[in-house]
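Visitor: The structure under discussion is supplied below as structure tokens; questions concerning it will follow.
The values are calculated or read from the model by the stated rules, or taken from the named source; none is laboratory data. All of these numbers come straight from a predicted model, not from anything done at the bench. Here the Cβ is made from the backbone with ideal geometry for all residues, glycine too, and neighbour counts use every protein chain on show. What goes into the accessible areas is simple: the full protein's heavy atoms, side chains included, and nothing from ligands, DNA or RNA. Shrake-Rupley method; radii C 1.70, N 1.55, O 1.52, S 1.80 Å.
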Amino acid sequence: MKKLGVAILGLGVVGSGTYKILTENKEYFKTVEGLDITVESVLEINKSRIEELGIEKEKVAKNIQEVVSNRNVDVVVEVMGGVTFAKEFVLSALNSGKTVVTSNKELVAKHWSEIEKTAKKKNVGFFYEASSVGGVPVIRTLIESMQGNHITSISGIINGTTNYILTKMTDNGESYESALLEAQKLGFAEANPTADVEGFDAMYKISILSSLAFNKKVSIENIYREGITNLKEKDIKYADELGYVIKLLGIGKDKETGVEVRVHPTLVKKDSALAGVKGSFNAVKIVGDSVGEITLTGRGAGSMPTASAVVSDVIFAGKHSEFYYQPFNVEKSKEVKYVSDFTSKYFIRIESELGNKDALKIEKIFDKGVVIEKIIKEENDGKLDVIVLTNVAGEKQTLKTLEKVKALKGLTVENIIRVED
Ligand code: HSE
């Protein structure tokens with residue numbers, strides 16, 4: 001039976017889940033996969049984590065050199081997060097002839113080119129299913145199951161932490177702060193929650209996913225990104241009155257005019273499939289020209305769901321001995337044409353001190369620029385909330401119209417949120 005030695009760099013949330021699955025299912029993997037997998041080495045500075053998992057002392061490496069020079073190690077699993085050390089360690093492992101499995105989306109999104117070149121040069125594998133949408137096998141679906149398609153769009157809920165926070169705020173009226181704290185305790189959130197709540201995590205993932213879907217390297221510099229930290233209770237309340245809930249979406253489209261990739265809070269219809277995706281669950285909708293629409297949904301964050309994806313890569317690596325994964329001609333990425341003036345419906349929340357007179361002025365300005373589909377006017381604490389839901393309009397045209405609204409005295413534009421029907 002083929003033996004496969006694994007090293008795990010980092011025994012945090014994902015690393016400890018990976019260790020558990022690999023050790024507890026050793027016999028099962030022998031029977032079902034024909035692989036005798038052993039965790040030969042771990043690299044972790046927190047001793048209590050090593051003790052909690054009951055790992056023998058001789059398996060604890062002192063440094064990365066010890067890991068990559070270990071002849072029993074075939075596959076190095078990088079689940080430390082961060083980029084500086086992760087990049088150094090991953091390159092060191094590849095250069096030593098080890099196949100690498102990682103869950104690190106930031107690393108993959110930012111340093112794909114260098115890592116890919118090194119893996120190819122050394123003819124070793126590089127696998128990253130866990131980097132995008134945790135336990136949901138979206139990368140393998142794109143690469144192995146949809147070759148008969150030109151994929152025109154990939155979009156959905158791709159960050160568990162923000163979906164958890166937004167669900168708690170919408171369904172239970174919880175505050176942003178308490179929902180974030182819960183997400184951190186449950187192990188969904190990144191060590192630094194800015195990556196989640198400001199949309200960086202989703203940006204890395206949609207960069208990877210749209211690159212694979214469209215066969216072009218979609219760089220993070222060309223992705224429009226906005227997080228959830230500007231959302232207020234009133235946005236959730238008025239969205240609800242209009243028949244919508246708010247979700248943080250990653251959206252990638254391959255159009256005739258170019259590639260359009262963005263991450264931002266989005267109003268989706270209350271009765272849509274995405275609205276029903278709650279808590280830390282993720283959902284990704286892929287549209288291919290042959291198959292039509294496919295939606296994959298499941299847990300996108302957390303210890304065991306992410307470890308599930310890591311383990312599937314370890315097993316895949318055990319069965320494929322050379323470099324694998326669709327390569328991109330990264331040099332050509334400069335030629336990718338991007339769309340920046342995308343079209344959408346818009347939800348605009350304005351607070352006015354002057355009452356109804358202002359609302360009429362606002363409507364007049366919109367009349368000349370962007371068509372209003374619905375308008376809500378509601379008095380709260382002596383102020384007037386004016387909520388405008390527009391028809392589909394260009395982003396630039398909408399922002400130009402709003403500049404004119406902002407020029408009116410005594411009102412503030414509190415939020416602009418895009419709407420996907
Ligand atoms: N912090 C990430 C999330 C973890 O909440 O989705 C999985 O990538």
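Visitor: In the set 259, 291, 268, which member is of a type in the set (A, V, I, L, M), open to solvent by 20 Å² or more (accessible area, probe 1.4 Å) and more than 16 Å from the ligand (Cβ to nearest atom)? Outline the logic, then answer.
Guide: Values: 259 fails: open to solvent by 20 Å² or more (accessible area, probe 1.4 Å); 268 fails: open to solvent by 20 Å² or more (accessible area, probe 1.4 Å).
Of 259, 291, 268, the one residue that is of a type in the set (A, V, I, L, M), open to solvent by 20 Å² or more (accessible area, probe 1.4 Å) and more than 16 Å from the ligand (Cβ to nearest atom) is 291.
Visitor: Any residue that is closer than 22 Å to residue 285 by Cβ, buried (at least 24 other Cβ atoms within 10 Å of the Cβ) and within 16 Å of the ligand (Cβ to nearest atom) - is there at least one of those in region 236-248?
Guide: Yes, that holds for at least one residue.
Visitor: Further question: Of all residues in region 271-287 being more than 16 Å from the ligand (Cβ to nearest atom) and among the small types (Gly, Ala, Ser), which is most open to solvent (accessible area, probe 1.4 Å)?
Guide: 273
Visitor: Right, here's the next one. Can you confirm whether region 205-218 contains a residue that is near the ligand (Cβ under 10 Å from one of its atoms) and not acidic (Asp, Glu)?
Guide: There is at least one residue in region 205-218 that is near the ligand (Cβ under 10 Å from one of its atoms) and not acidic (Asp, Glu).
Visitor: Further question on the same structure: Tell me, please, whether a residue that is open to solvent by 80 Å² or more (accessible area, probe 1.4 Å) and free of Cβ contacts under 8 Å to residues at least 12 places away in the same chain can be found in region 296-315. So that I can check it myself, show each step before the final result.
Guide: Narrowing region 296-315 to residues open to solvent by 80 Å² or more (accessible area, probe 1.4 Å): 297, 299, 304.
Pick out the ones that are also free of Cβ contacts under 8 Å to residues at least 12 places away in the same chain and you get none.
Scanning region 296-315, I find no residue that is open to solvent by 80 Å² or more (accessible area, probe 1.4 Å) and free of Cβ contacts under 8 Å to residues at least 12 places away in the same chain, so the answer is no.
Visitor: Quick check: is even one residue across region 63-71 within 16 Å of the ligand (Cβ to nearest atom) and either modelled with pLDDT of 95 or more or surrounded by 18 or more Cβ atoms within 10 Å (Cβ to Cβ) (or both)? First the steps, then the outcome.
Guide: Keep residues of region 63-71 that are within 16 Å of the ligand (Cβ to nearest atom), which gives none.
No, there is no match, as no residue in region 63-71 is within 16 Å of the ligand (Cβ to nearest atom) and either modelled with pLDDT of 95 or more or surrounded by 18 or more Cβ atoms within 10 Å (Cβ to Cβ) (or both).
Visitor: Still on this structure, I have one more. Does residue 390 meet the test of being more than 28 Å from residue 274 (Cα to Cα) and of a type in the set (Ser, Thr, Tyr)?
Guide: No.
Visitor: Just to be sure before I move on: is residue 395 under 24 Å from residue 265 (Cα atoms) and within 28 Å of the chain's Cα centre (by Cα) in the structure I sent? Can you show your working first?
Guide: Working: under 24 Å from residue 265 (Cα atoms): yes; within 28 Å of the chain's Cα centre (by Cα): yes.
Yes; evaluated as a whole, the condition is true for this residue.
Visitor: Only one of 228, 251, 206 is assigned to a strand (DSSP E or B) and closer than 16 Å to residue 162 by Cβ; which?
Guide: That would be 251, the only listed residue that is assigned to a strand (DSSP E or B) and closer than 16 Å to residue 162 by Cβ.
Visitor: Where in region 122-190 are there helices (runs of 4 or more DSSP H), lying fully within it, with 3 or more residues that are closer than 29 Å to residue 90 by Cβ and either more than 15 Å from the ligand (Cβ to nearest atom) or open to solvent by 50 Å² or more (accessible area, probe 1.4 Å) (or both)?
Guide: In region 122-190, the matching helices (runs of 4 or more DSSP H) lie at 138-144.
Visitor: Filter region 72-89 down to the residues that are open to solvent by 70 Å² or more (accessible area, probe 1.4 Å) and outside any loop (DSSP other than H, G, I, E, B) and list them by number.
Guide: Once the filter is applied, which keeps residues that are open to solvent by 70 Å² or more (accessible area, probe 1.4 Å) and outside any loop (DSSP other than H, G, I, E, B), region 72-89 yields 84, 85, 88.
Visitor: Out of the residues in region 206-225 that are within 13 Å of the chain's Cα centre (by Cα) and open to solvent by 10 Å² or more (accessible area, probe 1.4 Å), which is farthest from residue 143 (Cα to Cα)?
Guide: Initially, region 206-225 is screened for residues within 13 Å of the chain's Cα centre (by Cα), giving 206-210, 220, 223, 225.
Those left that are additionally open to solvent by 10 Å² or more (accessible area, probe 1.4 Å): 220, 223, 225.
Values: 220: 21, 223: 22, 225: 26 Å.
Filtering region 206-225 for residues that are within 13 Å of the chain's Cα centre (by Cα) and open to solvent by 10 Å² or more (accessible area, probe 1.4 Å), the one farthest from residue 143 (Cα to Cα) comes out as 225.
Visitor: Answer with yes or no whether residue 196 is assigned to a helix (DSSP H, G or I) and touching a Ser or Thr at 6+ places or on another chain (Cβ under 8 Å).
Guide: Yes.
Visitor: If you go through region 339-353, how many residues are at pLDDT below 90 and in contact with a helix residue (DSSP H, G or I) (Cβ under 9 Å, 6 or more places away or on another chain)? Please lay out each step first, then the result.
Guide: Applying the first criterion (at pLDDT below 90) to region 339-353 yields 339-342, 353.
If we keep only those that are in contact with a helix residue (DSSP H, G or I) (Cβ under 9 Å, 6 or more places away or on another chain) too, we end up with 340-342.
Residues in region 339-353 being at pLDDT below 90 and in contact with a helix residue (DSSP H, G or I) (Cβ under 9 Å, 6 or more places away or on another chain): 3 in total.
Visitor: Return yes or no: is residue 116 within 16 Å of the ligand (Cβ to nearest atom) and of a type in the set (D, E, K, R)?
Guide: Judged against the criteria, residue 116 is not a match.
Visitor: Output yes when any residue across region 174-192 is closer than 27 Å to residue 253 by Cβ and either modelled with pLDDT under 95 or out of contact with any strand residue (DSSP E or B) (no Cβ under 8 Å at 6 or more places or on another chain) (or both), and no when none is. Spell out how you get there, then give the answer.
Guide: Applying the first criterion (closer than 27 Å to residue 253 by Cβ) to region 174-192 yields 190.
If we keep only those that are either modelled with pLDDT under 95 or out of contact with any strand residue (DSSP E or B) (no Cβ under 8 Å at 6 or more places or on another chain) (or both) too, we end up with 190.
Scanning region 174-192 turns up at least one residue that is closer than 27 Å to residue 253 by Cβ and either modelled with pLDDT under 95 or out of contact with any strand residue (DSSP E or B) (no Cβ under 8 Å at 6 or more places or on another chain) (or both).
Visitor: Considering only residues of region 90-107 that are crowded, with 23+ Cβ neighbours inside 10 Å and in a helix (DSSP H, G or I), which is nearest to the ligand (Cβ to nearest atom)?
Guide: Only one residue fits best here, namely 105.
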